[in-house]
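Inspection log for the structure reproduced underneath, given as structure tokens.
The values are calculated or read from the model by the stated rules, or taken from the named source; none is laboratory data. None of the values given here were measured: they were computed from a predicted structure. Cβ placement follows ideal geometry from the backbone for every residue including glycine, while neighbour counts extend to all protein chains displayed.
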Amino acid sequence: MRRLIEDIEEKEKSIIKEYKKICDEIDKLSGIKSVFSPFKLKKLNQKKNSLILEIIDIKDKKWDLLSNNHFTTQFKSIAWQIDRLSETYEDVRTILLEFIELRESIKKLSRVLKQKDLLRTTEEIKQIDTALDTISYLSFERRFRKEEGLYEIFKKYIDYYPEKSLVADLGCGRGEFIELLEQNGRFGIGVDLNEGMLNIAKRKGLKVFKKDIMEFLSEKEDNSFDGFFSSQVIEHLKYESVENLVKNIHKKLKKRGVVILETVNPLSWFGFSQVFLLDPTHISPLHPELMRYLFQSFGFSEIEIIYSGEPDVKLKETKKDFPSINYNFDLLNKHLFSSINYAIKGVKI
């Protein structure tokens, strides 16, 4: 079909070229010259009229082919899919709004039941609240923390862990880092409390468990893991809990074991304002030098701070030779638009 359209278009160009040539010849014979060449002028006009009919005919054929063309069908299909997606979006939006209303109603109901002692334990209330918050946070993660972006960020951490090492991902979410570990000759397991995200990880065939991070660590023997990893978790904890986490990770690591904890970089105003403040469950912005001090305090060595996630906006230097102005731009970029995330890495000696 495409070849036929191309052939028609070539023929159309050829006819139009000939038509223009005939028109030029007619123009040259116009006026006084037409008296001396009446037969030639008549013949040229007949040819001109014939070419006009050919152009009309070939354009009709071209449009017929285009109307039946596969590309046209594809465009119609895409338009139909866009309409369907628009309808689906409205349905999902309606469901989400209804879910929010339902969540609030259930929370009010659980408070009434608790006051009237109709719920036997506070654990029942906690289970209800956790189930509702799980669905809500899964939706939040899908929107603001895309899987494809995480794979790119996480790739840089893999080589810090030796091949065939056993690494636990604390707060593994959908399991992106565990996938990369398994694909690169390491062994990964993960723990998280969000059942929705764990279900996604399980569908990928990953070894993950629904468990609190501190509970998971307390159950494991000392010196039993080659590595620990955690991404965007510690900012959800109070500082005392972060201290306790680092202390317990050190206990559970083997000698020369590696730990990497990634979090939002509070030294980047862009990262702090656009990422940290976006998530209402964030509690503690953690300065990278504070985390370095914490790692040193619990005996880690070979400490390194790894930055990632460069903002796509920065102040541009002037093209003219104004070193003082450009220096100020560099200074502002360092504090306003530096890396969004950082990871603290340490080795147990």
#### Entry: Hits in the stretch 207-218 - residues which are of a type in the set (Asp, Glu) and either under 11 Å from Asn248 (Cβ atoms) or buried (at least 19 other Cβ atoms within 10 Å of the Cβ) (or both)
Glu215
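Only one of these is of a type in the set (A, V, I, L, M), under 55 Å from the mean Cα position of the chain (by Cα), assigned to a helix (DSSP H, G or I) and at pLDDT 75 or above: Ile8, Ile22. Name it.
On the way: Ile22 fails: under 55 Å from the mean Cα position of the chain (by Cα).
Matching residue, one of Ile8, Ile22: Ile8.
Kindly establish whether Gly257 is over 20 Å from Ile213 (Cβ atoms), touching a residue at least 60 places away in the same chain (Cβ under 8 Å) and either out of contact with any strand residue (DSSP E or B) (no Cβ under 9 Å at 6 or more places or on another chain) or assigned by TED's automatic domain parsing to the domain that holds Glu219 (or both).
Taking the combined requirement at face value, the residue does not satisfy it.
Every residue, every condition in (1) of a type in the set (Lys, Arg); (2) more than 28 Å from the chain's Cα centre (by Cα); (3) at negative phi, yes or no:
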{"site": "Asn194", "(1), (2), (3)": "no, no, yes"}
{"site": "Asn199", "(1), (2), (3)": "no, no, yes"}
{"site": "Lys210", "(1), (2), (3)": "yes, no, yes"}
{"site": "Met214", "(1), (2), (3)": "no, yes, yes"}
{"site": "Glu235", "(1), (2), (3)": "no, no, yes"}
{"site": "Asn244", "(1), (2), (3)": "no, yes, yes"}
{"site": "Ile249", "(1), (2), (3)": "no, yes, yes"}
{"site": "Leu253", "(1), (2), (3)": "no, yes, yes"}
{"site": "Phe272", "(1), (2), (3)": "no, no, yes"}
### Message
Being in contact with a helix residue (DSSP H, G or I) (Cβ under 9 Å, 6 or more places away or on another chain), at pLDDT 95 or above and surrounded by fewer than 19 Cβ atoms within 10 Å (Cβ to Cβ) is the filter here; which residues of the stretch 152-170 pass it?
### Response
Ile158
### Query
Taking Glu240, is it among the charged types (D, E, K, R), touching a residue at least 60 places away in the same chain (Cβ under 8 Å), in the same structural domain as Phe177 (by TED's automatic domain parsing) and closer than 23 Å to Leu193 by Cβ?
no
### Query
Is it the case that the stretch 288-311 has a residue that's aliphatic (A, V, I, L, M), on the phi < 0 side of the Ramachandran plot and within 22 Å of the chain's Cα centre (by Cα)?
yes
### Message
Any residue that is among the aliphatic types (A, V, I, L, M), out of contact with any strand residue (DSSP E or B) (no Cβ under 6 Å at 6 or more places or on another chain) and without any contact (Cβ under 8 Å) to a residue 40 or more places away in the chain - is there at least one of those in the stretch 292-310?
### Response
no
